[in-house]
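To start, the structure itself, in structure tokens.
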Amino acid sequence: MVEWEELSTLIRTRRSIRAFQDKPVPEDLLLKALELATWAPNGGNQQAWRFSIVTNGELIGKMADAVKAKTEMMAAWPEAQQFGDNVSRWRKTSDFFRGAPVCIAVLMGRYSSVADQILRARGETDPVAREIRSHREAGKSSLQSAAAAITYLSLILHYFGLGSTWMAGPLQAKTEIESLLAVTPEWDLVGLLPVGYAAESPAIRPRKPLTEVIQFFR
Ligand SMILES: Cc1cc2nc3c(=O)[nH]c(=O)nc-3n(C[C@H](O)[C@H](O)[C@H](O)COP(=O)(O)O)c2cc1C
């Protein structure tokens, strides 16, 4: 088994990396990391995830352009003015992944448990079934499964000395990115991970004390 100290150090030293060296990432490392990440727990072991690995710089540029265009559009809305400096910062950073040698787009598929099938068969008329369906939708297994894979992936990449950032921001250009990556309708883009060798060592982002985030029911 892995030593606690090693595991703890691996987890604690992972940082979101947003600046990358101009150095290619060996494909075999990416494949090794992705293969191990697919051992993440996932709903019904349906493994309803796909990973699009983009190393084509022009394509990464187009995805970044699409995100930037959406940022500029939203930043120009009158409602954005009240958020002042935060908007200015966001305008500078939302497309930082443009500088990454690799971007991994994570796609979520459809997951259907037996409960989902019963609820679907029950139809829209029963309010109890509707409520259960909405609760399942709020914490949907397919999204949780993709998140588990991304968690594993970021840690494994870190193990290999590679930096990455888990990004949901690019979803503002979901339609454009899905079109650029020829994503078919049964899949949904849920995250983007720029990956590369770090060109920065970000400060630790402290975590809340455990007492603030746990509650025992003994
Ligand atoms: C679901 C999710 C979405 C995120 N989206 C973005 C994003 O769009 N842009 C970004 O720069 N960082 C994004 N992050 C990274 C977080 O900002 C980062 O994990 C957090 O600030 C803690 O810093 P650390 O990862 O260095 O520990 C996201 C993280 C998660 C888990």
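The alpha carbon gyration tensor of region 131-218 gives principal lengths a ≥ b ≥ c with a/c of 1.5 or higher and a/b no greater than b/c, which makes the shape oblate. Give the separation of the Cα centroids, region 172-211 to region 20-85, in Å. Between the Cα centres of region 172-211 and region 20-85 lies a distance of 4 Å. Packing order of peptides 76-88, 45-57, highest average first: 45-57, 76-88 (average count of other Cβ atoms within 10 Å over each peptide's residues). The solvent-accessible area of T211, taken with every protein chain present and a 1.4 Å probe, is close to 120 Å².
Once you have a ≥ b ≥ c as the square roots of the Cα gyration tensor eigenvalues for region 52-135, tell me rounded if a/c is under 1.5, and otherwise prolate or oblate according to whether a/b is larger than b/c. Intermediate results must be reported in sequence, preceding the final value.
Details: a/c = 4.21, a/b = 1.68, b/c = 2.50.
In terms of gyration-tensor shape, oblate.
Only Cα pairs under 8 Å and 6+ residues apart enter the sum, and on that basis the relative contact order of region 1-116 stands at 41 percent.
When you filter the GluC sites (Glu not before Pro) in region 160-193 for DSSP loop state and at most 15 other Cβ atoms inside 10 Å of their Cβ, you are left with E186. Taking a straight line from the alpha carbon of K68, these lysines sit under 23 Å away, with near neighbours fewer than eight places off in the same chain left out: K92, K174. In terms of the Cα gyration tensor, with a ≥ b ≥ c the square roots of its eigenvalues, is the chain rounded because a/c is under 1.5, prolate because a/b exceeds b/c, or oblate? The shape class here is rounded.
Karplus-derived 3J(HN,Hα) values for region 170-184, using 6.51 cos²θ - 1.76 cosθ + 1.60 with θ = phi - 60°, are x, 5, 4, 10, 4, 4, 5, 5, 4, 5, 4, 9, 6, 6, 7 Hz; glycine and proline are entered as x. Secondary-structure-derived ellipticity at 222 nm for the chain, considering helices only, amounts to -14000 deg cm²/dmol, per-run term -39500 (n - 2.57) for DSSP H runs with n ≥ 4.
Ligands, DNA and RNA aside, F96 has an accessible area near 40 Å² when probed at 1.4 Å. Solvent-accessible area of K208, all protein chains in place: 140 Å² (probe radius 1.4 Å, heavy atoms, ligands and nucleic acids excluded).
Averaged over residues, the count of other Cβ atoms within 10 Å places the peptides 28-35, 193-200, 155-162 in the sequence 193-200, 155-162, 28-35, highest first.
The values are calculated or read from the model by the stated rules, or taken from the named source; none is laboratory data. None of the values given here were measured: they were computed from a predicted structure. Note that we place each Cβ from the backbone using ideal geometry, even for glycine, and neighbour counts take in every protein chain shown. Quick note on the areas: whole protein, heavy atoms, side chains included, nothing else; ligands and nucleic acids left out. Shrake-Rupley method; radii C 1.70, N 1.55, O 1.52, S 1.80 Å.
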